[in-house]
1. Could you list which residues have their amide H under 5 Å from that of B:MET19, counting only those 5 or more apart in sequence or on another chain, with H placed in the peptide plane?
2. Would you grab the residues whose amide H sits under 5 Å from the one on A:ALA17? Only those 5+ places off in sequence or on another chain, please, with H modelled 1.01 Å from N.
3. Which of the GluC sites (Glu not before Pro) found in region A:24-96 are in a DSSP loop and have at most 14 neighbouring Cβ atoms, other than their own, within 10 Å?
4. How shielded is A:100-110 by partner chains, expressed as the average number of their Cβ atoms within 10 Å of its Cβ atoms?
5. Going by how many other beta carbons lie within 10 Å of each one, how would you line up A:SER94, A:SER26, fewest first?
6. Within region B:1-66, report the trypsin sites (Lys or Arg not before Pro) that DSSP leaves as loop and that have at most 15 other Cβ atoms within 10 Å.
7. Taking the alpha carbon gyration tensor of chain A, what are the square roots of 5 times its eigenvalues, largest first, to the nearest whole Å?
8. Enter the mean projected area of the convex hull around the alpha-carbon atoms of region B:1-64, in nm², rounded to one decimal.
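Rule-based calculations on the coordinates, nothing more; no lab input. Remember, it's a predicted structure, so these values are computed and weren't measured experimentally. When we count neighbours, we look across all protein chains shown, and the Cβ atoms used for this are built from the backbone with ideal geometry, even at glycine.
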Amino acid sequence: AQSVTQLGSHVSVSEGALVLLRCNYSSSVPPYLFWYVQYPNQGLQLLLKYTSAATLVKGINGFEAEFKKSETSFHLTKPSAHMSDAAEYFCAVSVGGSNYKLTFGKGTLLTVNP
Amino acid sequence: NAGVTQTPKFQVLKTGQSMTLQCAQDMNHEYMSWYRQDPGMGLRLIHYSVGAGITDQGEVPNGYNVSRSTTEDFPLRLLSAAPSQTSVYFCASSGRTGGLGELFFGEGSRLTVL
């Protein structure tokens, strides 16, 4: 069974600092991995996804993630945090390569301090 | 396009009452699903559907029923509400022709069971 583990339920950074949100996965088959973002009182929206093409994936709003098979990781990064990045971020894995069944991590709340 | 529309946005129930959360999508997506979001738990899959007339259970199906009579609609029924069902519920849809794993979420329905 596939699963993801997000390290750190809350990350706080200063505006302009590097953002690093950690996600490790467990999968018996090559995984499809995703990062979703949830702004306050809204639904989730897709930031980026890895589907076995390039290991470095670029998403919206300047975020990117690198798939590292040797470390079973898919960490999300952004070089310079902006106040508008404050949100909750979820890592997810596709169940059996499904197009509709995702298993989500528990989420990481990102706070950006001025 | 409206995307995924959920109603109601807020609801308070007493233990034992029943209700239906409505979900409609206008993107002609084949796949629809219901998740619940609880603090520190991420999103957990309740039920999903791969097309009209076809539904299946997710990770936490107990206490919920679904049906899919049309492509557009996927209501979630609580037969006898319990305090443990206090949560934020999200409906999501995705299409076969869209990107793998890209779920489109509604804005959520916040349910409180007293």
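1. B:LEU78
2. It is A:ALA81, by chain and number.
3. A:GLU71
4. That works out to 6 on average.
5. By the 10 Å Cβ count, ascending, the order reads A:SER26, A:SER94.
6. Qualifying residues, ordered by number: B:LYS9, B:LYS14.
7. Over the Cα atoms of chain A, the ellipsoid semi-axes are 23, 14, 12 Å.
8. Details: hull surface 22.1 nm².
For the Cα atoms of region B:1-64, the hull's average projected area reads 5.5 nm².
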